[in-house]
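The values are calculated or read from the model by the stated rules, or taken from the named source; none is laboratory data. Note that the coordinates shown come from a computational prediction; the quantities given were computed from them, not determined experimentally. Cβ: placed from backbone, ideal geometry, glycine included. Neighbour counts: every protein chain shown. Please note that ligands, DNA and RNA were not included when accessible areas were found on the heavy atoms of the full protein model with its side chains. Shrake-Rupley method; radii C 1.70, N 1.55, O 1.52, S 1.80 Å.
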Amino acid sequence: MKSTDFKGGRLPAAVVLVLAALCAGGAARAAGAGDAVMVTGPAGPMTRAEVEAMVRDLVPAAEQPRFWADQDAIAGFARSLYAQRLLAADAQKAGLDATPEGQAYLRQLRERALSELLLRERERAAVPGDQVLESYARSDYKAKPERFRQPEQVRVRHILLAVAPDGGNDAAVKARAEKLLAELRGGADFAALARQLSADKGSAARGGDLGQFGRGKMVPEFDQAAFALRKPGELAGPVKTKFGYHVIELLEYTPAALRPFEQVLPELREEVRAKVMSAERKALWSAAQERVQVDEAVVKAISAEQPPIPLPKKP
């Protein structure tokens with residue numbers, strides 16, 4: 001199926017044609033509602049509400065925050081949507097919607113859109129209330145507690161002193177790192193020295209802070225030294241890695257623990273809701289298919305009319 005591009009996603013062309021036709025039919029009503037006009041052109045105004053509705057329908061929910069933060073993506077989407085409206089209007093002027101082919105195609109697209117609307121309505125109706133969702137969520141929580149175990153984590157800051165690629169200054173850099181460690185144990189300002197001396201410019205701007213992380217996220221030597229620390233303010237080093245010599249300070253240690261149910265309830269509730277909706281959609285679709293009868297003779301006739309498929313040539 002061909003698609004209409006926009007930055008950050010693609011609009012299925014058949015879907016957009018139907019939506020564009022629906023938008024064209026409802027443009028006057030939406031604009032009359034006093035909503036801000038977002039796009040103008042020969043086919044009349046297109047409102048912000050219309051564009052937002054299409055984004056909710058066509059851009060995956062997980063991608064929508066990134067989409068709305070990207071002005072080029074928003075403008076490109078609106079431009080594509082309006083271009084479909086223009087083409088739909090031109091098609092109507094040419095009478096293409098009145099041809100047998102046009103009527104058959106539009107009927108199929110309308111049926112697709114209406115069936116989707118029905119499935120969504122039934123999905124929403126099938127979702128139980130919050131108390132039932134919470135009960136299901138609690139059952140999942142008890143059945144699979146390993147899913148909610150939070151591994152131990154540390155939050156550290158470091159100062160990296162880089163070693164030359166040929167290792168010629170290794171001893172000198174190690175000596176500097178040992179001196180630096182002594183200064184820090186004597187009360188020197190870690191954040192200030194990190195901003196001044198660290199070769200890791202990304203963390204240096206944050207006073208050397210690497211944020212919180214679990215085991216295996218850093219190179220092995222650094223990882224081992226960081227997770228050997230337990231008390232905030234405790235120092236380690238010099239630690240030699242392929243990047244050079246590090247001096248490390250523990251800011252926070254979080255032991256492994258089971259995340260409390262109240263913390264995971266929102267995500268579990270959404271999981272249950274998604275499962276219920278998916279099951280309802282599958283059940284409705286299966287029930288509809290069971291009411292269908294396909295004429296096998298017609299299927300065989302169509303297949304027999306096709307030209308033979310050439311066999312691949314042997315190498």
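What the table shows:
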quantity	calculated
Average Cα contact separation per residue, the chain, under 8 Å, 6 or more apart, as relative contact order %	17 percent
Acute angle (nearest 10 degrees) that the helix 130-143 long axis makes with the longest principal axis of the chain, alpha-carbon atoms	50 degrees
Distance between modelled label sites at L265 and A126, nm, 7 Å Cα→Cβ extension	2.6 nm
Distance in nm between pseudo-label sites at Q108 and E52 (7 Å out along the Cβ direction from Cα)	3.5 nm
Rounded FRET efficiency, nearest 0.05, which uses the C-beta distance separating S139 from A256 and R0 of 30 Å	0.80
Point-charge dipole on Cβ atoms (K/R +1, D/E -1) for the chain, about Cα centre, debye to 20	440 debye
Largest-first ordering by accessible area, 1.4 Å probe, given options T99, T40, T47	T40, T99, T47
Cα-based helix-to-principal-axis angle, 100-126 vs the chain, degrees rounded to 10	50 degrees
FRET E, pair E305, L117, Förster distance 30 Å, beta-carbon r, rounded to 0.05	0.25
Taking all pairs of distinct alpha-carbon atoms in region 225-301, Kirkwood radius in angstrom	19.0 Å
Per-selection Kirkwood Rh - region 89-128 (Cα, Å, 1 d.p.)	11.8 Å
Dipole of region 194-288 [Lys/Arg +1, Asp/Glu -1 at C-beta], most positive-end residue of V239, A288, L268	A288
Sparse-neighbourhood loop sites, trypsin sites (Lys or Arg not before Pro) in region 226-315 - DSSP loop, at most 12 other Cβ within 10 angstrom	R230, K242, R291, K313
Isotropically averaged projected area of the chain, using the convex hull of Cα atoms (one quarter of hull area), nm²	30.9 nm²
Loop-located GluC sites (Glu not before Pro) in region 192-274 whose Cβ has at most 15 other Cβ within 10 Å (DSSP)	E234
Principal-axis tilt of helix 261-290 within the chain, Cα atoms, nearest 10 degrees	30 degrees
